[in-house]
Amino acid sequence: MELPRPRIVLATGAFDLLHYGHLSFLEEAKKSGGKGAKLVVIVARDSVVRKRKGKNPVVPENQRTALIQALRIVDRAILGFDEIDIERVITDLKPDVVAFGHDQTDLKEKVEEIAHRKKLPLKIFQASKFSSDDIDSSSQIKKRILENART
């Protein structure tokens, strides 16, 4: 008797200057798949980060991928394609759940359109914004570094 495959949760991001907000998102993403789910994370290539955010990432793509893979919560980290192609990623990985960060609304809408058009039984999950007085974004880290450098 063949055992059913575990539910696959797909998450994506740049994960530049890894911080607690990233970890919180990945924890929520994995939980969205239920007990025994596997979390697969696509780490954006440097060229994709440049295209989406208009600036180079601080940490190179292979190091960002290694850092994500080192997290206990992550079952597999993969470096993304040279171009943003979420449809290809979904076709290749066949996830059960696609998870998005609180700020990935445009990508979420694209996946919803793909799922509807292809009649895919995808569960779409969007994480809540991590709220705390702590640093919860790479931009805040960069800002704090600049402020501290001036003093």
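Annotation: of all residues in the range 91-107 being under 14 Å from the mean Cα position of the chain (by Cα) and modelled with pLDDT under 95, the one that is farthest from Gly33 (Cα to Cα) is Asp106. State all residues of the range 7-63 that are among the acidic types (Asp, Glu) and not in a helix (DSSP H, G or I); if no residue qualifies, say none. Of everything in the range 7-63, just one residue is among the acidic types (Asp, Glu) and not in a helix (DSSP H, G or I), namely Asp16. Among what's in the range 64-79 and is in contact (Cβ under 8 Å) with a residue 40 or more places away in the chain and either touching a helix residue (DSSP H, G or I) at 6+ places or on another chain (Cβ under 6 Å) or outside any loop (DSSP other than H, G, I, E, B) (or both), pick the residue that is surrounded by the fewest Cβ atoms within 10 Å (Cβ to Cβ). In this case the residue turns out to be Ile73. For the range 1-12, give me each residue that is of a type outside the set (A, V, I, L, M) and modelled with pLDDT under 95. Selection gives Glu2, Pro4, Arg5, Pro6.
Figure legend. Inter-residue proximity from the range 96-114: first residues farther than 18 Å from Gly21 by Cα, second residues of a type in the set (Ser, Thr, Tyr), beta-carbon distance below 8 Å, spacing 6+ or different chains. Indicated pairs: Val97/Ser32; Leu107/Thr12. Restricting the range 27-57 to residues that are of a type outside the set (Lys, Arg) and within 22 Å of Leu3 (Cβ to Cβ) leaves a set whose member that is surrounded by the most Cβ atoms within 10 Å (Cβ to Cβ) is Leu39.
The values are calculated or read from the model by the stated rules, or taken from the named source; none is laboratory data. Just so we're clear, the structure is a prediction, and the values are computed from it rather than from any experiment. Quick reminder, even Gly has a Cβ in these numbers, built from the backbone with ideal geometry, and neighbours come from all protein chains shown.
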